[in-house]
Amino acid sequence: MVKPLGSRVLLKPSTEEEKSAGGIFLPDSAQKRPHEGKVIALGPGKILDNGERAPMRVKEGDVVIFSEYGGTEIKIDGEEYILIEEDQLLAIRQ
């Protein structure tokens, strides 16, 4: 597995529905990138100006919402993941 550095978070994006509400199957190019993902791993946190580490606000297992163009898509063992800075996360889903 991958261990993120700094304040980065590794997400497993939630899967999008492959067909439209009307029942039409959508090709990959027409599907939107998911905006939710499950936190798989996280870094130790950002180092502050005073040398201390800021605690991460999310934890493994949280489902988070992120901006459409945030993060970097990566593949690990054939699986899609997103590596994103904690600051780019918008919310934790309850």
With label points built 7 Å along Cα→Cβ from the Cα atoms of Ser14 and Ile76, find their separation and express it in nm. 2.1 nm
At 0.36 nm per residue, and after removing the present C-alpha to C-alpha distance, how many nm does the segment from Asp49 to His35 gain when stretched out fully? 1.9 nm
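Want the number for Leu5 to Ile65: 0.36 nm per residue separation, take away the alpha-carbon distance, what's left?
Working: separation 60, 0.36 × 60 = 21.60 nm, distance 2.03 nm.
Result for the pair: 19.6 nm of gain on full extension.
If packing is taken as the mean number of other Cβ atoms within 10 Å per residue, what is the order of 45-57, 77-89, highest first?
Details: 45-57: 11.2, 77-89: 15.4.
For the peptides 45-57, 77-89, the packing ranking is 77-89, 45-57.
The numbers here are math on the coordinates, done by the rules we state, and not lab data. As the structure is a computational prediction, the values presented were derived from the model and not from experiment. Backbone-built Cβ (ideal geometry, glycine too); neighbour counts: all protein chains shown.
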